[in-house]
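Take a look at the structure set out below.
Read the figures in this text as sums done on the coordinates, not as results from a lab. Quantities reported herein were computed from a predicted structural model and do not represent experimental measurements. Using ideal geometry, Cβ is built from the backbone for each residue, glycine included, and neighbour counts are taken over all protein chains shown.
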Amino acid sequence: MLSRVLGLVRETLIARAFGASEMTDAFNVAFRIPNLLRRLFAEGAFSQAFVPILGEVNAKNGPDATKQLVNVVATLLFWSLLITVILGVVFAPYLILGIASGFKSSNSYEMSVVLTRLMFPYIGFISLVSLAAGILNTNKKFLIPAFTPVLLNLGMITGSLIIAPYFETPIYGLGLGVMIGGILQLAIQIPALSRIGMMPRIGLGWQALKEAAKNPEARRILRLMGPAVFAVSVSQLSLIINTNIASHLRAGSVSWLSYADRLMEFPTALLGVAVGTVLLPSLSKANATGNIQHSSELIHWGIRLTFILSAPAALALFLFGTPLAASLYHYGKFTPLDVEMTRTALQAYGVGLIGLILIKILAPGFYAAQDIRTPVKIGLFVLVFTQGMNLIFVPYFQHAGLALSIGLGACLNAALLWVGLVRKGSLISVGQAWVPFFLRLFTGLCVFAGILYIGANHYDWIALGEKPLTRIFLMLGWGTLAMVMYLLVLKICGFNYKELLRHSQ
């Protein structure tokens, strides 16, 4: 939560300093490239393959074998990252043309190339951070990995407030802030790993690299990473295509999507990533011992928690977009038009928010069983579906059409993951009363939606910019009132909150 709150503070400061312009479009495109590779090397393909095998080795062979595997994987990852970073810096102009061809004849192109070269080494820092996070999470140490993104936000806040004014092109200061954040993120892992005796030793010689490549467990991880890389590439390919499409729309489109995406990611990361991170080691252990009953209970618990907390968040994005965008972003160079364009993107994201979060709850059910091929097949189908929706929605809704396609694709993805888990016997009935659950949920959501609708339409949220503290207080007040009444109605309807704790261990 601290990370996401600071993330919103960061975006507010960026919006105030730069608005939604060619500079912010350039930064968002440039930052998307290391983010894409981060999902390949870091929390995407790598962690999906690494964490289950590390947990298995730890359970069967003990800490010495675990430490040896950590050293081997760290060596392979380090050399892969070094080569990737060098190539990325050298070929940055071609990467930008590939991901945002619409920038070719604009000022955004040169800025994007400089920012890409400046921020590309971040992929090295954050990937090693993810290696550390996988080790710590496997040892049930969740605090440091969860806290780590706070440091990136602090680095970017420093870049936008303190460093940017010293540059002729101020957005370069924000890129430098990303690098500062990456260094801090890696540094904080060192004492945490040392305390559990799992500080990796990276082999720097050619002989060490050859020996690491021969390790059988490392080869298993690489074999699993193959389809995992493909799976992550499918989802990221959709993002690249969408970014390219947005680069051909009016200036600011990439930034509007990014500002809306930051608000959408608040519940996605707070709930989906957090629960998914906690579930994967527990599901891996349950699968390793053949305890399908416990595995199903864990997934059902995650699904129920998702609906209880993400359904109101989705309604908030759809109904309360103007108060949210105005209160958080409408300062300095961020105009009323930017607020309106961000609101439409928020509404589109709200349609698919539950699907986006459910993917992070359901996918670990496959990864824990070391089955990555099924999510790959589903991802390919969803990619085709999403781009088909773009052909329909973008001409009518512009940038918001891209967000709507992503949301609908996520809902389809989640539904297919559910069906896949049921068919393979990994998700069995554990006595959940779903019909009463959804009836109670619907009743609470009606009250929640009614309160937010009144709050969103009772004030001129743009005019309230003259009294920013009042506007923030009103936004928080209406949101808090809606959430309190929602939880109270669920309680009155007979929902037992202790059920959320029953299968959370």
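Observations on the model:
- Cα-based equivalent ellipsoid of the stretch 102-173: semi-axis lengths in Å, sorted from largest, via gyration tensor: 32, 16, 8
- The packing ranking, built from the mean of other Cβ atoms within 10 Å per residue, places the peptides 332-344, 446-458 in the order 332-344, 446-458, highest first.
- Cα pair distances in the stretch 1-133, grouped into 5 Å bins until the bin that holds the longest one, percent each: 2, 10, 16, 16, 16, 14, 11, 7, 5, 3, 1, 0
- Simple rule: put +1 on each Lys or Arg Cβ and -1 on each Asp or Glu Cβ in the chain, find the dipole, and look at Leu36, Phe437, Leu257; the Cα lying farthest toward the positive end is Phe437.
- Extension reserve of the Thr470-Arg423 stretch, reckoned as 0.36 nm per residue once the Cα distance is removed: 11.7 nm
- Basic side chains Lys and Arg get +1 at the Cβ, acidic Asp and Glu get -1 at the Cβ, and with that the dipole of the stretch 151-260 about its Cα centre reaches some 500 debye.
- Cα-only Debye scattering, the stretch 22-222: base-10 log of I(q)/I(0) at q = 0.10, 0.13, 0.14, 0.18 Å⁻¹: -0.46, -0.74, -0.83, -1.17
- Gyration tensor (alpha-carbon) shape descriptor, the stretch 434-505, a/c threshold 1.5: prolate
- If you wrap the tightest convex hull around every Cα atom of the chain and split its volume per residue, you get 143 Å³.
- Pairs exceeding a 19 Å alpha-carbon distance, out of Lys377/Lys424; Lys60/Lys140; Lys140/Lys424; Lys140/Lys214; Lys214/Lys377; Lys67/Lys141: Lys140/Lys424; Lys140/Lys214; Lys214/Lys377.
- Ranked by the mean number of other Cβ atoms within 10 Å of their residues, highest first, the peptides 135-144, 309-318 fall in the order 309-318, 135-144.
- Charges were assigned to the Cβ only: +1 to each Lys and Arg, -1 to each Asp and Glu. The resulting dipole of the chain about its Cα centre is roughly 1160 debye.
- Counting only whole DSSP H helices of the chain, the ones at least 27 Å long by C-alpha along their axis and with mean Kyte-Doolittle hydropathy no lower than -1.0 are 22-41, 63-90, 171-195, 216-247, 292-319, 336-367, 373-397, 399-423, 434-458, 468-492.
- For peptides 349-358, 87-96, sequence by mean Cβ density within 10 Å, most packed first: 349-358, 87-96
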